[in-house]
Each structure stands twice: as structure tokens, then as C-alpha cells.
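Chemist: The structure follows.
Each reported figure results from applying straightforward, stated rules to the coordinates on display, with no laboratory input. What you see is a predicted model; the values in this text were computed from it and never measured. Note that we place each Cβ from the backbone using ideal geometry, even for glycine, and neighbour counts take in every protein chain shown.
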Amino acid sequence: MPFFEHNDLRTHYEFTQNPGRPVLVFSNSLGATLTMWDAQVAELAAHYSILRYDARGHGASSVPEGPYNVEQLSQDLLALLDHLGLERVHLCGLSMGGAVAQWIGANAGDRLAKLVLASTAAKFGTAAGWNERIATVLEDGMVSIAGATMERWFTEGFRWRERELVAKVRQEFESCDPLGYTAACAVVRDADSRGSLERITAPTLIIFGPQDSTTTGIDAGFLAEHIADSKVTEVDGAHLLNIEHPEAFNRALREFLGG
Ligand SMILES: O=C(O)CC1=CCC(=O)O1
């Protein structure tokens, strides 16, 4: 898969082109890689050109020194869009990727056709909670938080039913560079779009999972209250509901984006 070098970063990406179709960009969550969108690409590549990439510090992208911030991750994506000559795209970000999507919606809205904010929030938890996680990972490594992370990402039933798939996701999570992961924890710790959501003018779909303990229906409601042209939809599941319920997630995207 190709790489794009820009400033301090080497971004790993995959662009699946479907000529004449709109471009849909996927932005990954904390501790995941572009493979988190496998079930979206499998179905949606028939309807869209799809760009997915590993955020800095993740997957096969490089791991520049941290801490990172949401503007930096957003500029990374805008530079990749420029590099590929993509002026206007649909953008779907989940969790940390949703923070990037919110930033681009508020600060570079001319690059967007439609926006999808999945399992995300204007403000994520407390700084103390994120600092504790950063300290744990720096001291004990990714493996030390992998079990609890899978419990937040997937419902218990799914973890039992889909052991192999969850083991693969967990293995990728455990392979994440702890320096990249903790540098990106700072993105989630510090991101705060509460004062800028009103600037988002792109039609926006907000998706949440009723069993998500990280970003809840209350977070989704807050986003909807402050983004003028927005609507909320529920997809059964916990945090990574695009993996747990790809059919429902993909259907929601297609109904909203058209095409
Ligand atoms: O792993 C988690 O805690 C869930 C999460 C928060 C931000 C993100 O991208 O994932």
C-alpha cells in the first residue's frame, strides 16, 4: 500500500478508486488502523471511491514524537487529500477519527460534501483519566490495557460469538507503538469542539451505539444540538459498531450519503 511523506510524517493509506463515484474517506479511532474499515470497504467500494489511512502514530504510518493534537491530525488528512487531488469528499470518522472530522467540519468545511460522526464526542472524558491511561501504557505497555479496551469496544455477546475477529483486532491493538498510542491519547484528552460545532455547515450524520460506555447517546445528542444540519441514528453495539454491526452501519451511511 502507498505512503505519503509530508512534514514530519509518513502516512500509510489505501485509495480504492471507483471512477465517477463520490469519494468517501474513513478516519480511524485511537489504537486502531485502517483495517478497522474492512467491512465498509468490502461493501461500499461498489458505490464510492474509498480512502482510508493510518493516523500518525498508528498502523504502518510513522510515529513522530508526541504529544499530538487534533489540529495536527486534521492537517495530516488535509495534506493527504491535497496530495491525491481530492477537493471535496464525504468524511466519516469514528471516535478519535470523529474528533478529526469535527475539526475539519468546523475549520475546512469547504472540503466536505457530507460528514459522518460515529461513536464520538465534542469532549472525551477527563484529563485525569487520559493521563492515567498514558502513564499505564508507558509503564506497562499496550497489552496491559488490551482486555479492558476490547470490553469497551465490543459487547460481551459479540466478543463471545466473534472470538477470532476480536482476537485479530486485539492483536493489532497490542501491536500499536506505545509512543504513538500515548501521543494520540493526548489528542483525545485535549480535543474540545464545544465552542466550534456551530461552524459545521456540512450535512452531518451522527451515529452512536446504545451500549457504548465511552461516547454515549448524550454525547451524540450534544453534537446534534449544536450542528445545524444534523441528525442522529442509533446502530446497535458498543464503541466499534462499524465492526460489530457492519450491515446496519453501512446501510446508515448509504442512506445518508446516497450513491
Ligand atoms: O479506547 C477507547 O477508550 C475508546 C476511544 C476513545 C477515543 C477513541 O478513539 O477510542
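Chemist: Please give every one of the lysines within straight-line cross-link reach of Lys114, meaning a C-alpha to C-alpha distance under 23 Å, and leave out same-chain neighbours fewer than 8 residues apart.
Modeler: Correct list for Lys114: Lys123, Lys231.
Chemist: Please compute the length gained on full extension between Ala42 and Glu65, using 0.36 nm multiplied by the number of residues separating them and subtracting their Cα-Cα distance.
Modeler: The span from Ala42 to Glu65 would gain 4.9 nm if fully extended.
Chemist: For the residues Cys185, Cys176, what sequence is obtained by ranking on other C-beta atoms within 10 Å, fewest first?
Modeler: Listing Cys185, Cys176 from fewest to most nearby Cβ atoms yields Cys176, Cys185.
Chemist: Tell me whether the chain comes out rounded, prolate or oblate; compute the Cα gyration tensor, take square roots of the eigenvalues as a ≥ b ≥ c, and use a/c under 1.5 as the rounded threshold.
Modeler: Taking the square roots of the gyration eigenvalues as a ≥ b ≥ c, the chain is rounded.
Chemist: Using Cα pairs closer than 8 Å and at least 6 residues apart in sequence, work out the relative contact order for the chain, in percent.
Modeler: Value for the chain: 22 percent.
Chemist: Ok, one more. Could you pull out the GluC sites (Glu not before Pro) across segment 62-148 that fall in loop regions by DSSP (anything but H, G, I, E, B) with no more than 11 other Cβ atoms inside 10 Å?
Modeler: Counting only loop positions with at most 11 other Cβ atoms within 10 Å, the GluC sites (Glu not before Pro) in segment 62-148 are Glu65, Glu87.
Chemist: For the chain, list the DSSP H helices whose alpha carbon atoms reach 24 Å or more along the long axis and whose average Kyte-Doolittle value is 1.0 or above?
Modeler: None clear 24 Å together with a mean of 1.0.
Chemist: Gaussian network model of the chain, Cα springs within a sub-10 Å range: biggest mean-square fluctuation belongs to which of Gly93, Gly195, Gly57?
Modeler: Maximum among the listed residues: Gly195.
Chemist: Then there is this: Looking at the chain only, what percent of DSSP beta bridges run antiparallel? Nearest 5 please.
Modeler: The antiparallel proportion sits near 30 percent.
Chemist: Ok, one more. Using only alpha carbon pairs under 8 Å that are at least six residues apart, calculate the relative contact order of segment 142-259 and give it in whole percent.
Modeler: 27 percent.
Chemist: At 222 nm, what value in deg cm²/dmol follows for the chain if DSSP H runs of at least 4 each add -39500 (n - 2.57) and the sum is divided by all its residues, to the nearest 500?
Modeler: Helix-only estimate at 222 nm: -13500 deg cm²/dmol.
Chemist: Just to check I understand the Karplus step: with θ = phi - 60° and J = 6.51 cos²θ - 1.76 cosθ + 1.60, what whole-Hz values come out for segment 37-45, glycine and proline as x?
Modeler: Listing the rounded values in order: 9, 3, 6, 6, 4, 4, 9, 8, 5 Hz.
Chemist: Okay, next question. If R0 is 41 Å, what FRET efficiency do you get for His83 and Asp140 from their C-beta distance, rounded to 0.05?
Modeler: The calculated FRET efficiency here is 0.65.
Chemist: Let me ask something else about it. What are the ³J(HN,Hα) couplings of segment 46-56, residue after residue, when phi is run through the Karplus curve with 6.51, -1.76, 1.60 and θ = phi - 60°? Round to Hz, x for glycine and proline.
Modeler: My calculation for segment 46-56 gives 6, 10, 9, 7, 10, 10, 9, 7, 9, 4, 3 Hz in order.
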